[in-house]
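Report on one structure; see the data block that follows.
Bear in mind that the values in this text are calculations on the coordinates, not laboratory data. Only a predicted model underlies this, so the values are computations on that prediction, with no experimental measurement involved. Ideal geometry is used to build each Cβ from the backbone, glycine not excepted, and the neighbour counts take in all protein chains shown.
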Amino acid sequence: GSGREDPKPVDATALAGVRLTHPERILWEDQGVTKQGLADFYADIADWALPHFVRRPLSLVRCPNGVGQQCFFQKHRWEGLSPDIHPVDVGDSEPMTYIEDLRGLMGLVQAGVLEIHPWGSSIEDIEKPDRLIFDLDPGEDVAWGQVIDGALEIRRRLGDDGLESFVKTSGGKGLHVVAPLEPAADWETAKDYTRRLVAAMERDTPSLYVSTMAKRVRKGRIFVDYLRNGRGATAVAAYSTRARAGAPVSTPLAWTELSEAVRGDHFRIDNLRQRLDFLANDPWEGFFSLRQRLPGAKAVRRGRS
Ligand code: ATP
Ligand code: MN
Ligand code: MN
């Protein structure tokens, strides 16, 4: 495998009191990343990662035998879960899961979880989203610069409504723009706001942006997916690994870092630590302390547009 030449001085799972079965099992063949390697990676970046997905209902991509083998997108609980993976009732027939800490995260690794997809609301109030997310999915023949422009366009439009936003790599083909919110409006209101924002982008520049699934295959345009903002919808968490070749990680960026050189899969298990070591500031400084709300939530609910 590449990178990570230094052996870990402390066994991450021992530290968290979790016993890994098959620690030597290879999860990302092309990178030589094992289950123990994944545990070490998460333990190493836990202070950066955990705040983005603790105390939220989680959908989980489990690939017990690694990338390229059978994977499951799991919304509900399964047999043999660690006691550090807690149940949360979201109104389904079965509970979902949440974690609170490193032990819970190690429990996810033990269960073969390679991707963590939280709700946009916390277990404190699952009916009130505390973040919006815009998922930019470039179609064929879309230049990376166009994806960057799309993210900046969303940022500008949010800014016009008084909302500060943040950008991350998806760990795949695109970028995600995220705006933290005070949990005040309901899901319908939040989704409707994002729908109208994206519809306006499509209306103003139909050659660049598509807002509906049906048209997403059209070449040369970006599908700006606002449907991640519905109740029960998810998007991959900041600092989650992806069950894809190269062991990419969805990575928060400063807006000034967007560039030709940083594609959606640029940051990976083998280079993220180095990035974090060299950062002068948190690229998402302020993300957890911002207090901001959707503009005129009542007006939105009356359907003015
Ligand atoms: P990319 O940049 O490659 O598009 P992405 O994470 O944005 O990466 P998408 O396909 O655009 O991938 O988004 C898929 C989203 O849909 C995921 O973030 C996930 O939360 C959600 N999702 C819903 N059902 C599934 C499923 N069965 N498998 C994987 N993701 C699912
Ligand atoms: Mn996407
Ligand atoms: Mn998408």
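Things worth noting here:
- Size of charge dipole - the stretch 203-293 - debye, nearest 20, with Cβ of Lys, Arg +1 and Asp, Glu -1, no other charges: 660 debye
- Only one residue of PHE267, ILE222, GLY246 has its Cα farthest out toward the positive end of the dipole of the stretch 182-305, where Lys and Arg carry +1 and Asp and Glu -1 on Cβ, and that residue is ILE222.
- Taken about its Cα centre, the chain carries a charge dipole of about 1020 debye when Lys and Arg each add +1 at the Cβ and Asp and Glu each add -1 at the Cβ.
- Acute angle (nearest 10 degrees) that the helix 144-160 long axis makes with the longest principal axis of the chain, alpha-carbon atoms: 60 degrees
- For the stretch 111-203: rounded, prolate or oblate by the Cα gyration tensor [a/c cutoff 1.5]: oblate
- Prolate/oblate/rounded label for the stretch 28-119 (Cα gyration tensor, a/c 1.5): oblate
- Once backbone amide H atoms are built at 1.01 Å from N, GLN292 has GLU182 as its partners under 5 Å, excluding neighbours fewer than 5 places away on the same chain.
- On full extension, the segment bounded by LYS219 and GLU140 gains 27.9 nm, given 0.36 nm per residue less the C-alpha separation.
- Scanning residues 5 or more positions from THR97 or on other chains, those with amide H under 5 Å from its amide H are LEU58, VAL88, with H placed 1.01 Å from N in the peptide plane.
- R0 of 45 Å, Cβ-Cβ distance ASP89-ARG291: FRET efficiency to nearest 0.05: 0.95
- Dipole of the stretch 147-240 computed with +1 at Lys/Arg Cβ and -1 at Asp/Glu Cβ about the Cα centre; of ALA179, ALA233, GLY162, farthest Cα towards the positive end is ALA233.
- For the chain, the longest principal axis of the Cα atoms and the long axis of helix 187-204 meet at an angle of about 60 degrees.
- Separation of the alpha carbons by more than 29 angstrom is noted, of LYS128/LYS219; LYS75/LYS219; LYS75/LYS173; LYS35/LYS219; LYS35/LYS191, for LYS128/LYS219; LYS75/LYS219; LYS35/LYS219; LYS35/LYS191.
- The Cα center of the stretch 118-197 and the Cα center of the stretch 56-74 differ in position by 24 Å.
- Short-range pairs are left out: with C-alpha atoms under 8 Å and at least six residues apart, the relative contact order of the chain is 19 percent.
- Top of SER93, SER82, SER289 by mean-square fluctuation, Gaussian network on the chain, Cα under 10 Å: SER93
- Our estimate of slack between ASP204 and GLU257, defined as 0.36 nm per intervening residue step minus the Cα-Cα distance, is 16.4 nm.
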